[in-house]
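S.K.: Let me begin by handing over the structure; questions about it come next.
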Amino acid sequence: MILIVDDKRENILPLKKILALHNLESDEAYSGEEALKKTLQNNYSLIILDVQMPGMDGFEVGEALAGSNRTKDIPIIFLSAISKEKNILQKAISRAV
């Protein structure tokens with residue numbers, strides 16, 4: 001199952017539809033905190049994670065997942081609307097290495 005994490009429902013729905021077209025099961029979380037709770041309850045093969053969310057952002061969620069033996073090996077695709085904010089770009093680049 002694939003977990004899609006985004007604070008905006010309108011961003012999650014198209015991804016769920018695309019995955020369903022390929023017979024891939026998905027789940028959704030609308031905050032970083034909710035995503036972390038769901039990873040304790042379910043086994044995910046992939047997480048699609050928005051980086052720009054209020055509260056706990058996607059980078060913080062990714063760090064928390066990487067620090068847990070249960071979730072450290074789940075691949076994460078960081079996803080975001082285009083951002084020209086220098087700090088977002090720097091965070092993305094530093095974590096991609």
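S.K.: Look at A20 and say whether it is in contact with a helix residue (DSSP H, G or I) (Cβ under 6 Å, 6 or more places away or on another chain), part of a helix (DSSP H, G or I) and either hydroxyl-bearing (S, T, Y) or free of Cβ contacts under 8 Å to residues at least 60 places away in the same chain (or both).
M.R.: no
The rows are residues; the columns are (1) farther than 21 Å from K8 by Cα; (2) under 10 Å from the mean Cα position of the chain (by Cα).
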site	(1), (2)
K37	no, no
N43	yes, no
L49	no, yes
M56	no, no
S68	yes, no
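S.K.: Something else about it: Starting from the range 1-13, take each residue that is in contact (Cβ under 8 Å) with a residue 60 or more places away in the chain and list its partners that are part of a loop (DSSP other than H, G, I, E, B), counting only C-beta distances under 8 angstrom and pairs at least six apart or across chains.
M.R.: Note: pairs meeting the criteria are D6/Y30; D6/M53.
S.K.: What number of residues within the range 34-52 are in contact with a Ser or Thr (Cβ under 9 Å, 6 or more places away or on another chain) and not in a strand (DSSP E or B)?
M.R.: Selection size over the range 34-52: 6.
S.K.: Does I18 satisfy the condition of being within 10 Å of the chain's Cα centre (by Cα) and under 11 Å from I2 (Cβ atoms)?
M.R.: So I18 does not fit the description; no.
S.K.: Follow-up. Can you tell me which of (1) of a type in the set (A, V, I, L, M, F, W, C); (2) part of a loop (DSSP other than H, G, I, E, B); (3) buried (at least 16 other Cβ atoms within 10 Å of the Cβ) is the one F78 doesn't meet?
M.R.: (2)
S.K.: Then there is this: If you go through the range 4-56 one residue at a time, how many are open to solvent by less than 80 Å² (accessible area, probe 1.4 Å), among the basic types (K, R) and closer than 21 Å to D73 by Cβ?
M.R.: Adding up the residues that qualify gives 1.
S.K.: Exactly one of these conditions fails for N69: (1) touching a strand residue (DSSP E or B) at 6+ places or on another chain (Cβ under 6 Å); (2) without any contact (Cβ under 8 Å) to a residue 24 or more places away in the chain; (3) assigned to a loop (DSSP other than H, G, I, E, B). Give me its number.
M.R.: Going through the list (1) touching a strand residue (DSSP E or B) at 6+ places or on another chain (Cβ under 6 Å); (2) without any contact (Cβ under 8 Å) to a residue 24 or more places away in the chain; (3) assigned to a loop (DSSP other than H, G, I, E, B), N69 breaks only (1).
S.K.: Restricting to the range 57-74, what's the tally of residues that are touching a Ser or Thr at 6+ places or on another chain (Cβ under 8 Å) and open to solvent by 70 Å² or more (accessible area, probe 1.4 Å)?
M.R.: Looking only at that region, the number is 1.
The values are calculated or read from the model by the stated rules, or taken from the named source; none is laboratory data. This structure is a prediction, so every number in the text was calculated from the model and none was measured. Positions of Cβ are backbone-derived with ideal geometry, glycine not excepted, and every protein chain shown enters the neighbour counts. Side chains included, ligands, DNA and RNA excluded: accessible areas come from the protein's heavy atoms. Shrake-Rupley method; radii C 1.70, N 1.55, O 1.52, S 1.80 Å.
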